[in-house]
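Structure first, then comments.
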Amino acid sequence: MSESADEVLFEVAGQAGLITLNRPKALNALSHGMVKAIAARLDDWETNPAITRIVLRGSGEKAFCAGGDIRQVYDMGAVQGLKSAPEQTSFFADEYILNSRIKHFPKPWVSLIDGIVMGGGVGLSVHGSHRVGTEKTLFAMPETGIGFFPDVGGSYFLPRMPRCTGYYCALTSARLKQADALLTGVLTHALASASIPVLTDALCAGEPVEAAIARHAGEAGPAPLLEVMDELERAFGLASVDQIWQALAASDSDFARNCLGMLASKSPTSLALTFEQLNRGAELDFNGCMRMEFRIVSEILKHTDFYEGVRSVLVDRDNAPRWQAASLAEVDRTGLAAYFGRPEGGDLPLP
C-alpha cells in the first residue's frame with residue numbers, strides 16, 4: 001500500500017464519493033501523493049452515475065487542510081539547488097490541474113471546512129460548488145510570509161472577492177473566521193461543527209445537496225470585517241502596493257497599524273509580485289490564471305526568498321527571514337516580468 005493510500009481515504013457512501021484528508025498530525029497538509037490519488041479517484045467518480053456528489057473533509061480536530069506540504073517542496077530544492085527542480089514543478093503542475101478539475105467538476109463538490117483551511121486546502125475547496133464552514137473555520141492565504149505567492153487559483157478568486165478583501169487577504173495573510181469567510185465568499189454556507197455528521201449522512205443518503213445544506217445550515221453571526229470595510233477598501237483599492245503601504249502609514253487607526261505590522265513581516269518581492277499577479281488574474285479566465293501561476297512558480301523556485309521564508313518558519317523557526325530585497329523600494333520591478341514568462345519546460349497543459 002502506498003503512503004498516499006493512508007494519507008487520503010476514499011469511500012463510496014450511498015450517493016456520495018467521500019474523500020477524507022488523513023494527515024491530522026500534519027494538519028492534513030497536501031502532499032504530491034495525495035494530489036495524484038485524488039485525481040486518479042476522480043477519473044472514476046466523475047463518470048460513475050451512482051455517485052451524484054463529492055464530499056470532502058479533513059480528519060482530526062484542528063484542520064480541514066492547512067496547505068500544501070511546502071516542507072516537501074523545500075527539501076527538494078535543498079537537494080537540487082536553485083534550479084526549479086522537476087520534482088517541484090511536477091507537484092505544482094499536478095496540484096494546479098486538480099484545482100482546475102475541481103473548478104469545472106460536473107457534480108456538486110461539497111467541502112466540509114471544520115477547522116484550518118489555508119493555501120492548498122483553499123485550492124481543494126474554494127473552487128467547488130459548496131463550501132460549508134463552521135465556527136472552527138480559519139481561512140488564510142499565508143504565502144507572502146514565506147517568500148511565495150497566493151497560488152492554487154488565488155489569481156482567480158482573490159481579485160473577485162468583494163471590496164478589495166482579496167487583496168487584503170493576499171498581501172497581509174490576514175486570517176478570517178467563519179463570519180468573515182462567509183461575507184467574502186470564501187464560504188457559501190455556515191454550519192455548527194456539531195452538525196457535520198448529520199449533514200454528511202444526509203448528503204450520503206442522496207438528499208438534494210442544496211436542500212440538505214439549507215436544512216442544517218446556521219447563522220454565522222456578525223462579520224468583524226464590516227467594521228473596517230470602508231477603510232480596507234480605500235487602502236487596498238489603491239493602484240500599487242507602495243500606495244497601499246503609504247496610505248496605511250498615514251493613518252493612525254488600529255486597523256492600519258495592524259495591517260502595516262503584517263505587511264512588514266512579508267517578503268517585499270512577494271508583495272510586489274502578488275499585487276501584479278492579482279491585477280493580471282482579474283482579467284483572465286480560470287485556466288488562464290492557472291497557467292500564469294505555473295509560470296510564476298517555475299520562476300519563484302529559482303530564487304532565494306521561498307527557501308529563506310520556509311527556513312525561518314518551518315526549519316530553524318527563528319522567524320527572522322533575510323529577504324533578497326529588504327524593502328519595497330529595493331524590489332526590482334522590471335525583474336518581475338521574468339515571473340510571467342513561459343517556462344523552459346512549457347506551459348501548464350490546460351485547455
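Coordinate-derived values only; no laboratory data. It should be emphasised that the depicted structure is a prediction, and the values quoted were computed from it without experimental measurement. Cβ coordinates were reconstructed from backbone atoms using ideal geometry, including for glycine residues, and neighbour counts include every protein chain displayed.
Rounded to the nearest whole Hz, the Karplus-based 3J(HN,Hα) values (6.51 cos²θ - 1.76 cosθ + 1.60, θ = phi - 60°) of the stretch 172-188 follow the sequence 8, 6, 4, 9, 10, 8, 3, 5, 5, 5, 6, 4, 8, x, 4, 9, 9, with x at glycine and proline. Scanning residues 5 or more positions from L30 or on other chains, those with amide H under 5 Å from its amide H are G67, G68, D69, with H placed 1.01 Å from N in the peptide plane. Size estimate for the stretch 8-337 follows the Kirkwood approach: the inverse of mean 1/r over distinct Cα pairs works out to 20.2 Å. For a modelled paramagnetic label at D347, 7 Å from Cα along Cα-to-Cβ, the residues of the stretch 276-301 in reach, with backbone nitrogen under 13 Å, are 284-296.
Say the cut-off is 25 Å between C-alpha atoms; which of K25/K136; K62/K107; K177/K266; K62/K177; K25/K302 go over it? Over 25 Å Cα-Cα: K62/K107; K25/K302.
Distance from the C-alpha centroid of the stretch 198-225 to that of the stretch 127-142: 13 Å, rounded to the whole angstrom. Put simply, the amide H of G58, placed in the peptide plane, has neighbours under 5 Å in L21, D114, leaving out anything fewer than 5 places away on its chain.
Bridges between two residues of the chain, per DSSP, are antiparallel at a rate of about 30%. Backbone amide hydrogens, once placed in the peptide plane, bring L138 within less than 5 Å of G115, I116, V117, excluding anything fewer than 5 places away on its chain.
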